[in-house]
Amino acid sequence: MTHLDDEKFVANAVNELIRYCPVQQNGQRRVAVSDVQIGEVEVRPGDGIICANGAANFDERVFQDPYRLDLTGLTQARISALASGRTRALRRAWHAWS
C-alpha cells in the first residue's frame, strides 16, 4: 500500500497543499458600508478594505508551524483558500468528499 492508496493521507495532503499554496494570492477588495472596528482600526463608510484571506492560512495562533509544508500531518483548522466566490463550489465539493 502506498500513500496514494490511503484516502486519509490523500485528503490531508490536498488540504495542506491548498492551505500552503492558496488559490487566491491577492486580497479581496471591499468597501465599508457602515462604521466598523477591525482590531484597533476604525473603518468608516466608503473606506477601502483588502481582506488578505490567504494570510489566515499562516496564522501561528492556529497552525503549530505554519510555514512548514506537512503532507503527513493533520491540518488542524479549516483553510481560507476556498472561502468564497468562484471557489466556493470547489470547497463544498471537497469537504463533501473528505
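Structure values in brief
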{"read-out": "Filter pass, Ser84 being out of contact with any Phe, Trp or Tyr (no Cβ under 9 Å at 6 or more places or on another chain), modelled with pLDDT under 65, of a type in the set (S, T, N, Q) and surrounded by fewer than 14 Cβ atoms within 10 Å (Cβ to Cβ)", "value": "yes"}
{"read-out": "Counted residues, the stretch 23-51 - those being at pLDDT 85 or above and of a type in the set (S, T, N, Q)", "value": "2"}
{"read-out": "From Tyr20, Tyr67, residue being modelled with pLDDT of 85 or more, surrounded by 12 or more Cβ atoms within 10 Å (Cβ to Cβ) and hydroxyl-bearing (Ser, Thr, Tyr)", "value": "Tyr20"}
{"read-out": "Members of the stretch 6-48 found to be acidic (Asp, Glu) and either assigned to a loop (DSSP other than H, G, I, E, B) or farther than 27 Å from Asp65 by Cβ (or both), listed by number", "value": "Asp6, Asp35, Glu40, Glu42, Asp47"}
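The values are calculated or read from the model by the stated rules, or taken from the named source; none is laboratory data. Here the structure is a predicted model, which is why all the values come from computation and not from measurement. With ideal geometry, Cβ positions are generated from the backbone for all residues, glycine too; neighbour counts draw on all protein chains shown.
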